[in-house]
Amino acid sequence: MISAVLNGSPGLVPTFLALALLLGPAALLLARRRELPRWSLLLLTLALAGELTATLFPSGQGGGGPHAICALGTDLDFTLAREEGRLNVLMYVPLGLFAVLALGRPVLVTAALLGLTAATETAQALLPGIGRACDASDLQANSLGALLGVALGCLGRLLLRRRLRPRRRELIAAPVLLAALAVPVVPLQLFVIDPAPVSGTADATAEQRELAAKDAELLFGPGTRVLRTQYSQDGYGHNRLAVTLERSSFELDWPTGRLVGLNSPLPGPAAPGSLQQARTAADRFADRWLPGAPAPVLAEGVGQDGSHRFSWTVGGAVSIADITADGRVVQFQQYRSQQYQPR
């Protein structure tokens with residue numbers, strides 16, 4: 001959502017300035033009439049102009065499709081692992097900070113900002129022509145930023161020795177405001193906007209890279225070099241680490257470290273060996289990566305590169321490993337039982 005700000009679209013700055021000039025005088029008038037802190041209110045105006053510009057200015061990437069959709073599926077950890085997710089958090093921090101400093105109503109400000117981000121994402125879904133996308137992860141990130149900003153605003157008012165305790169009217173007005181904002185947003189999200197599971201990738205953390213390096217050595221031996229590790233999540237909440245080596249790749253479940261896929265094609269003809277060597281390698285592989293699995297079903301010579309195919313059925317999943325006669329695992333994959341068709 002905020003990436004458009006970084007792309008240098010020529011109309012962004014004029015739009016931001018126009019909004020700031022439109023909202024600024026109104027903020028000054030409100031500050032004079034209500035005896036509110038002028039600078040805090042002006043900074044809030046700039047932050048609000050920035051939010052509206054960053055979220056609703058056309059990105060120049062064309063329409064977003066004929067249907068109103070909203071992406072679902074990624075959790076907050078995944079959102080914060082991406083730079084765009086962190087920027088979405090930062091965008092709402094000044095809104096919460098300056099609103100509390102200016103108004104001194106943290107509960108009401110929190111309700112207003114949660115409503116603002118929900119309304120923004122809904123508008124993005126209903127206006128696909130602006131090239132933006134409704135995304136539940138943006139809602140999560142914006143809400144977190146709003147809460148952080150409100151907390152900083154409360155701290156600022158305490159340091160300035162200004163009134164902070166919520167009044168009774170504020171405690172009543174906050175849920176009323178949220179309910180009023182929910183009246184248009186909730187029906188639109190439920191009946192007009194279609195949910196769309198999505199997938200995405202992010203750079204791995206140090207802990208994830210450490211796990212990938214450890215499992216690479218368990219699979220391919222000491223000194224195995226990992227070229228790249230990426231953290232990914234699909235629209236159904238499956239967290240994965242995709243690990244790339246010089247000639248091989250494998251996939252792990254995160255955070256369990258369970259192996260869910262491997263591809264390691266032979267660089268040349270398979271070394272001589274025996275079926276017994278392949279069986280022994282299959283047993284070692286199952287002991288490490290499929291603990292408690294029953295004895296495998298063997299299909300001789302039908303695997304990749306002429307390898308032997310071993311399959312284990314555990315619960316509702318079938319695990320398939322292609323193992324060469326010299327004991328090398330060249331491919332591994334897991335399927336749901338109804339998806340797997342034996343060869």
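The values are calculated or read from the model by the stated rules, or taken from the named source; none is laboratory data. Just so it is clear, the model here is predicted, and its values are computed rather than measured. Glycine also receives a Cβ, built like all others from the backbone with ideal geometry; neighbour counts cover every protein chain displayed. To get the accessible areas, we keep the full protein, side chains included, count just its heavy atoms, and leave off ligands, DNA and RNA. Shrake-Rupley method; radii C 1.70, N 1.55, O 1.52, S 1.80 Å.
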Computed over the chain, the relative contact order (Cα-Cα under 8 Å, seq sep at least six) in percent reads 13 percent
Checking rank on 225-231, 112-118, with mean other Cβ inside 10 Å and highest first, the result is 112-118, 225-231
Scalar couplings 3J(HN,Hα) for segment 321-334 by Karplus 6.51 cos²θ - 1.76 cosθ + 1.60 (θ = phi - 60°), nearest whole Hz, x for Gly and Pro, are 10, 9, 10, 6, 5, 8, x, 9, 7, 9, 7, 9, 7, 10
Averaged per residue, the 1.4 Å probe accessible area of segment 272-312, protein heavy atoms only, in Å², is roughly 54 Å²
Computed curve, segment 158-217, Cα-only Debye sum without solvent term, log₁₀ I(q)/I(0) at 0.22 Å⁻¹, is -0.95
Cys in the chain lacking any partner Cβ under 4.7 Å -> C154
Highest mean packing first, using Cβ neighbours within 10 angstrom, the peptides 309-316, 287-294 sort as 309-316, 287-294
In debye to the nearest 20, the charge dipole size for the chain, taken about the Cα centre with +1 at each Lys and Arg Cβ and -1 at each Asp and Glu Cβ, equals 1800 debye
Cα-based Rg/(2.2 N^0.38 Å) for segment 205-343, rounded to two decimals, is 1.04
Measuring from its Cα centre, segment 71-176 shows a charge dipole (+1 at each Lys and Arg Cβ, -1 at each Asp and Glu Cβ) which, in debye to the nearest 20, is 1000 debye
Mean separation of Cα contacts under 8 Å (at least 6 apart) over the residue count of segment 186-316, i.e. the relative contact order in percent, is 14 percent
When the charge dipole of the chain is computed with +1 at the Cβ of Lys and Arg and -1 at the Cβ of Asp and Glu, the Cα pointing farthest to the positive end, of L103, G115, A125, is that of L103
Taking only the alpha-carbon positions of the chain as identical scatterers, the Debye log10 I(q)/I(0) at q = 0.07, 0.09 Å⁻¹ comes out as -0.46, -0.67
Amide H proximity to V314 below 5 Å, modelled H, separation 5+ or other chain, gives S319
The set of residues whose placed amide H lies less than 5 Å from the amide H of R228, leaving out same-chain residues fewer than 5 positions away, is T244
Amide H contacts under 5 Å for D135, restricted to residues at least 5 apart in sequence or on another chain and with H modeled in the peptide plane, are A71
CD proxy, 222 nm, the chain: helix-only mean residue ellipticity via -39,500 (n - 2.57) per DSSP H run with n ≥ 4, per residue, nearest 500, stands at -16500 deg cm²/dmol
